[in-house]
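This report refers to the structure that appears directly beneath it.
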Amino acid sequence: MGLTEILSYLLAYNLIRFRMLQSGMATGRDLHSLSFTITQQMLAASCLLGAVMKTTEELSTPGQ
């Protein structure tokens, strides 16, 4: 495994943990009660939905 790949995994892990921290603070929940896997799945679904919505907007714009 290359150094770039390891650093990419560490970055993704830390970004997911940071999002969990933000969510926990916003809702007042204990951070230990939040699931890493569920947060990861929700972020992936959110990114996928955002990509689909952007593509749909681009396709529906007249003049392209």
Select, from T61, T39, the only residue that is out of contact with any His (no Cβ under 9 Å at 6 or more places or on another chain), exposed (fewer than 10 other Cβ atoms within 10 Å of the Cβ), modelled with pLDDT under 90 and of a type in the set (V, I, T). T61
Any chance segment 10-32 includes a residue that's at pLDDT below 85, assigned to a helix (DSSP H, G or I) and not acidic (D, E)? yes
If you check every pair at least six apart or on different chains, which have Cβ atoms under 6 Å apart with a residue in segment 35-55 that is at negative phi and free of Cβ contacts under 8 Å to residues at least 60 places away in the same chain first and a residue that is in a helix (DSSP H, G or I) and of a type outside the set (G, A, S) second? T39/I16; T39/M20; Q40/I16
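The values are calculated or read from the model by the stated rules, or taken from the named source; none is laboratory data. What you are looking at is a predicted structure, and each value in this text was computed from that prediction instead of being measured. Cβ: placed from backbone, ideal geometry, glycine included. Neighbour counts: every protein chain shown.
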